[in-house]
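The values are calculated or read from the model by the stated rules, or taken from the named source; none is laboratory data. All values reported here derive from a predicted model rather than from experimental measurement. Heads up, the Cβs are rebuilt from the backbone with ideal geometry, glycines too, and the neighbour counts pull from every protein chain shown.
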Amino acid sequence: MSHFEIEVKSLLGDKERAEALKRKMQALDPGCACVSTNTQLNHYFEGGDILALYEKVVPLLNEEQMIKFKAITERGDSFSVRTRQRDSEVLLVVKASIDTGTSENTVKRMEFEELVVVTLDALDALVLEAGYVCQAKWSREREEYTFKGANVCLDCNAGYGYLAEVEKIVSDESLAEQARVEIAALMAELELEELPQARLARMFEHYNKNWSEYYGTKKVFLIE
C-alpha cells in the first residue's frame, strides 16, 4: 500500500547551524545515528497526465510498485512528479497532497518513491512522453539521521543552503495528525523553527525561475 509522509522543514542557512543540530540530536538521543549520506539530482516536472505516466513506466515496475502507484492515481487530484538520482540509484517519485498545501511543498502527503532499473535520462524521457515538461532541476547533498522515532534529513541544497527536514512515515492516513503533533514536539526540543509554507512557496518559485543559475553549484539565495 502507499504510505503517508509527514514532513516539516526548517531553514538552517549555514553549515555551522547544521553541525550544531547534529550535536544537539546526539546529546538528546544516545540512539541517534547517521543512516545514510548521499548526493542527489532531482528533476521536477509539471503538466502531463498521471495515468499516461503510469502506462509509460509500468514495464519498469514490479507488482507491488504498480499497486502503490495506482493507489496514488486513484486518491490524488494534484500530483508532484520528479525523477531522482541518488548516488548511482535512479528513482521515480510521485507525491500527492493530503492537506491544504501543494503536492510539491506541504506537510502531509501520499508518496511513491521507488527504485527503477533505468538511467536518469531514460526515465526523464518517459516522463516527457507522458506530456510533462521539466519545471526545474535541483541538486543537494543529504545526511539522514534517526532521532527519537523520526527521520531527520540535513540537506545542503543548491539555492536554499542548509535545510533540516523532520519526517515520520505512517501507513494509515488516520495516523497523520498524531505524527504531525509528534514532529512539532521534536522540533521544539531541537529548537527548530518551522519554515512557513508561504515563504517556502516563494523560495520554490524563485528557484524554479532561476534554477539554471544554481543547479550543481553551492550558490545560495535568501527570500523572506
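Could you grab me the full set of residues in segment 22-42 that are among the hydrophobic types (A, V, I, L, M, F, W, C) and in contact with a strand residue (DSSP E or B) (Cβ under 6 Å, 6 or more places away or on another chain)? Answer for segment 22-42, where residues must be among the hydrophobic types (A, V, I, L, M, F, W, C) and in contact with a strand residue (DSSP E or B) (Cβ under 6 Å, 6 or more places away or on another chain): 25, 32, 33, 34, 35, 41. When segment 1-36 is filtered for residues that are in contact with a Lys or Arg (Cβ under 7 Å, 6 or more places away or on another chain) and among the β-branched types (Val, Ile, Thr), only 6 remains. Filtered by the rule that a residue be surrounded by 12 or more Cβ atoms within 10 Å (Cβ to Cβ) and part of a loop (DSSP other than H, G, I, E, B), segment 194-206 gives 194, 195. The residue list 72, 67 contains one member that is surrounded by 16 or more Cβ atoms within 10 Å (Cβ to Cβ), at pLDDT below 95, among the β-branched types (Val, Ile, Thr) and over 16 Å from residue 165 (Cβ atoms), which is 72. The combined condition, being assigned to a strand (DSSP E or B), more than 30 Å from residue 126 (Cα to Cα) and either modelled with pLDDT under 95 or among the hydrophobic types (A, V, I, L, M, F, W, C) (or both), is fulfilled by residue 8.
Taking every residue in segment 98-124 that is among the hydrophobic types (A, V, I, L, M, F, W, C) and pairing it with any residue that is part of a loop (DSSP other than H, G, I, E, B) and modelled with pLDDT of 95 or more, at least 6 positions away or on another chain, the pairs with Cβ-Cβ distances below 8 Å are 116/61; 123/116.
Within segment 4-59, being under 21 Å from residue 154 (Cβ atoms), without any contact (Cβ under 8 Å) to a residue 12 or more places away in the chain, of a type outside the set (Gly, Ala, Ser) and out of contact with any Cys (no Cβ under 6 Å at 6 or more places or on another chain) holds for 16, 19, 23, 30.
Residue-level analysis places residue 209 among those that are more than 14 Å from the chain's Cα centre (by Cα), surrounded by fewer than 20 Cβ atoms within 10 Å (Cβ to Cβ), within 21 Å of residue 48 (Cα to Cα) and among the basic types (Lys, Arg). Being farther than 18 Å from residue 111 by Cβ and not aromatic (Phe, Trp, Tyr) holds for only one residue in 88, 36, and it is 88.
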